[in-house]
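The values are calculated or read from the model by the stated rules, or taken from the named source; none is laboratory data. In this text the structure is predicted, and so the values were computed from the model without any measurement. No Cβ is skipped: glycine too gets one built from the backbone with ideal geometry, and neighbour counts run over all protein chains shown. The area values use the complete protein model at the heavy-atom level, side chains included, leaving out ligands, DNA and RNA. Shrake-Rupley method; radii C 1.70, N 1.55, O 1.52, S 1.80 Å.
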Amino acid sequence: MITRRAFLNSACAGTLYAGLPRRAAAGPAQRKRMAIVTTEWRYLSHAWHMGERFLVGYPIQGRWHKPAVDVVSLYVDQVPEGDLSRKRAAEFGFTIYPSIAEALRCGGKRLAVDAVLIIGEHGNYPRNELGQTLYPRYPFFKQVVDVFKKDGKTTPVFNDKHLSWKWEWAREMVDTAHAMGFPLMAGSSLPVTWRMPAIDMPENAGLQEVIGVAMGGVDSYDFHALEMIQCMAERRRGGETGITWLQTLRGHSVWKAMAAGSWSAGGWDAALFHACLCRSQTLAQPPTFSDRFPAADQIRAWVKDPVAYRYEYTDGLRATMLLMNGLVGDFTFAARLAERAEPLSTLFYLPPNPNVVYSAALMSKVEQMFLTGKAPYPVERTLLTTGLVATAMRSLANGQRRLETPHLAIRYPAPRESSFWKD
């Protein structure tokens, strides 16, 4: 005999495109209750990108999808000029509470939500001596876990972006989730957004070298570029094995490495860099030209502050992440595979404002976890990229030194089904 619980679980396990559960016929009893814990909620903040997807829905496969998850409570740490949290609470009928514990308990004495969305991004927070912004993701998580422990009940938790600016805290967050048995998901929208072309790394690929070229700054957009690289690299033969060392290069050191033209000479595969630029939709052009591949001197003139992270995996895979503001305004990836002569390359597409649908792609995966109780991909991916960002900032602050990373010997199997949007 099939119980009602088994029926509902099987319904949640069904998918409508890239893992999104079929919830069109969901009744009130099936809907989940969610608490949002965020730093701030204003236009273009991550709470605006993510929280509002659960309030009004998002487009998918040519239709408008309304999540089977209701926002019932909110904790917001800061209220800047242009705050939207009060307005949204009034419009959509959820309550803002003065503490995280009260938000999770909805003002009562016991955990009263089925899911927690932690958004520790944006807001007025200090920086440390390494240049890291001290966003309170770990303190937010600790307060959520404290409620779980006191109330003897847990829920799935999503943590926006990297887990914490401090490696030890990030490791603790993952270990805590595993020990307590609740699903924890984190990371960037890059692994789940569209790709042009819509290709994936073949399973068990004989990867030799990978490169990501991106825009943005350190301790922010570098994380997104690393997640882009990692979601492809983890599919190589043998699965993920971890990182052995990393070195950050900045300024003249980047140009010297680029001129080297190969990994063994201290740089990277020039053909992979070329392939990335050929996938970009925002490649800079000289005056009077609309389609010309830039020369090396033009690249050096346009990019005022180049940054490169060179790192090596324990199985010998070589990786480079480049931030090239002034040359590109998007995210591209290329790889050297033993099985093919030409590089495999693609653009990780991020639609522009105001309808930044890449946040919908990420929230569709979060909704999937909230409804099924299973994360669509392992949090260890983001644990590894969190460690890479923290190590890169230390390398930069210590004279661009190469740093050994025994703590990043993180092994995990990649999910068989890739999670990026294709339609």
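Worth pointing out:
- Selection status of TYR358, among the hydroxyl-bearing types (Ser, Thr, Tyr) and modelled with pLDDT under 95: yes
- Note on region 50-164: enclosed strands (runs of 3 or more DSSP E) holding 1 or more residues that are of a type in the set (D, E, K, R) are 63-65, 69-76, 157-160.
- Residue satisfying all of: in region 107-121; surrounded by 17 or more Cβ atoms within 10 Å (Cβ to Cβ) and touching a Lys or Arg at 6+ places or on another chain (Cβ under 8 Å); nearest to ALA186 (Cα to Cα) among these: ILE118
- If the condition is being surrounded by fewer than 21 Cβ atoms within 10 Å (Cβ to Cβ) and among the β-branched types (Val, Ile, Thr), then region 131-150 contributes THR133, VAL145.
- Residue in region 364-386 that is nearest to SER45 (Cα to Cα), counting only those that are of a type in the set (Val, Ile, Thr) and buried (at least 20 other Cβ atoms within 10 Å of the Cβ): VAL366
- Residue in region 161-182 that is hydroxyl-bearing (Ser, Thr, Tyr), farther than 26 Å from HIS49 by Cα and surrounded by fewer than 21 Cβ atoms within 10 Å (Cβ to Cβ) present: yes
- The condition of being open to solvent by less than 40 Å² (accessible area, probe 1.4 Å), out of contact with any Asp or Glu (no Cβ under 9 Å at 6 or more places or on another chain) and not in a helix (DSSP H, G or I) does not hold for GLY216.
- Hits in region 321-341 - residues which are out of contact with any helix residue (DSSP H, G or I) (no Cβ under 8 Å at 6 or more places or on another chain) and modelled with pLDDT of 95 or more: ASN325, GLY329, ASP330, LEU337, ALA338
Residues checked against (1) more than 22 Å from the chain's Cα centre (by Cα); (2) at pLDDT below 95; (3) open to solvent by less than 70 Å² (accessible area, probe 1.4 Å):
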| residue | (1), (2), (3) |
| --- | --- |
| GLY51 | no, no, yes |
| PRO59 | no, yes, yes |
| GLY62 | yes, yes, no |
| ALA68 | yes, no, yes |
| LEU74 | yes, no, yes |
| GLN78 | yes, no, yes |
| GLY82 | yes, no, yes |
| GLU91 | yes, no, no |
| ILE96 | yes, no, yes |
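- Per-region count, region 70-105, residues more than 22 Å from TYR135 (Cα to Cα) and touching a residue at least 40 places away in the same chain (Cβ under 8 Å): 3
- Restricted to region 309-324, and to residues there that are in contact with a Gly (Cβ under 7 Å, 6 or more places away or on another chain) and open to solvent by 50 Å² or more (accessible area, probe 1.4 Å), the residue that is nearest to GLN247 (Cα to Cα) is THR314.
- For region 265-286, a residue qualifies if it is assigned to a loop (DSSP other than H, G, I, E, B) and open to solvent by 40 Å² or more (accessible area, probe 1.4 Å), and the qualifying residues are ALA265, GLN281, THR282, GLN285.
- Residues in region 221-264 that are among the β-branched types (Val, Ile, Thr), crowded, with 23+ Cβ neighbours inside 10 Å and farther than 20 Å from GLY326 by Cβ: ILE229, ILE243.
- Selected residue (criterion: nearest to PRO59 (Cα to Cα)) from residues of region 339-363 that are of a type in the set (Phe, Trp, Tyr) and open to solvent by 20 Å² or more (accessible area, probe 1.4 Å): TYR358
- Any chance VAL389 is out of contact with any strand residue (DSSP E or B) (no Cβ under 7 Å at 6 or more places or on another chain) and among the β-branched types (Val, Ile, Thr): yes
- Restricted to region 75-129, and to residues there that are touching a Cys at 6+ places or on another chain (Cβ under 9 Å) and not aromatic (Phe, Trp, Tyr), the residue that is farthest from LYS142 (Cα to Cα) is THR95.
- Test: LYS153 is over 25 Å from ASP219 (Cβ atoms), basic (Lys, Arg), surrounded by fewer than 24 Cβ atoms within 10 Å (Cβ to Cβ) and modelled with pLDDT of 95 or more: yes
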